[in-house]
Amino acid sequence: MTAFLAGLVAGYGVAIPVGAIAILILGLSARTSFRVGAAAALGVATADGLYAAVAALGGAAVAGLIAPYAGPLRLVAAAVLLGLAGHGAWRALRPPAATGARPVRRGLGTPARAYWAILALTLLNPATVVYFAALVLGRGHPGGADPVAAGLFVLGAFAASASWQLLIAGGGTLVGRALTGTRGRLITALVSSAIIAALAIAVLVG
């Protein structure tokens, strides 16, 4: 239980700070559905769980390997976020489809696409594995010497991340239901895109 609770604390520690991914999930749920938002949330939780596992089993060695590539990865992540922000704004501003036309779900409009895209985007963040590695090493949490304890640590981190991200997805769904009109969804999409773009720029200059 100690290892599991340590994983919960670590998972909430990395998940709760609101960043570009949280805003992306919130806006995605508001514009599409809870299923799509929940899939994106589980993509984040999967990435956090994978990084927790890497950190628990590899610790400082893994963090040291990733550190030289932190700059390029940050640039790639910022570029992807800017692309998603631009795409979201373009979809919001383009003329609606003709009446009777079958809607085409592109971008992150399906659960599978949302899951894999957000998983890949979250994996581009090297700060996550460095965070977990520092936590494991600094507080002596379970590592490779005790695979059962390490597994419980990872499970706790995944559960914490999943529960928080699903809460964000649910909040986005409520926002989407409140803003059911065309103008409301347009405002939601543009605000979400603007915030994501601002956070991407912050990643570049940070």
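The values are calculated or read from the model by the stated rules, or taken from the named source; none is laboratory data. Just so we're clear, the structure is a prediction, and the values are computed from it rather than from any experiment. Positions of Cβ are generated from backbone atoms using ideal geometry, with glycine treated the same way; all protein chains shown enter the neighbour counts. Calculation scope for accessible area: heavy atoms of the full protein, side chains included, ligands and nucleic acids excluded. Shrake-Rupley method; radii C 1.70, N 1.55, O 1.52, S 1.80 Å.
From the list Thr188, Thr173, which one is in a helix (DSSP H, G or I), modelled with pLDDT of 75 or more and closer than 29 Å to Gly86 by Cα?
One residue alone meets the criteria, Thr173.
Among the listed residues Leu137, Leu119, Leu123, identify the single one that is modelled with pLDDT under 70 and among the hydrophobic types (A, V, I, L, M, F, W, C). Steps first, please.
Details: Leu119 fails: modelled with pLDDT under 70; Leu123 fails: modelled with pLDDT under 70.
The conditions single out Leu137.
I need the full set of residues from the range 13-35 which are of a type in the set (Val, Ile, Thr) and either open to solvent by 60 Å² or more (accessible area, probe 1.4 Å) or assigned to a helix (DSSP H, G or I) (or both), in order please.
Val14, Ile16, Val18, Ile21, Ile23, Ile25
Among the residues of the range 49-87, which ones are of a type outside the set (A, V, I, L, M, F, W, C) and modelled with pLDDT of 75 or more?
Within the range 49-87, Gly49, Tyr51, Pro72, Gly83, Gly86 qualify.
Which members of the range 145-163 meet the condition of being surrounded by fewer than 20 Cβ atoms within 10 Å (Cβ to Cβ) and among the hydrophobic types (A, V, I, L, M, F, W, C)?
Ala145, Val148, Ala149, Leu155, Ala159 - these are the residues of the range 145-163 that are surrounded by fewer than 20 Cβ atoms within 10 Å (Cβ to Cβ) and among the hydrophobic types (A, V, I, L, M, F, W, C).
Quick one: what pairs do we get from the range 26-45, first residue touching a residue at least 60 places away in the same chain (Cβ under 8 Å) and among the basic types (Lys, Arg), second open to solvent by less than 10 Å² (accessible area, probe 1.4 Å) and in a helix (DSSP H, G or I), C-beta under 6 Å, 6+ apart or different chains?
Short answer, once both residue conditions are applied: Arg31/Ala189.
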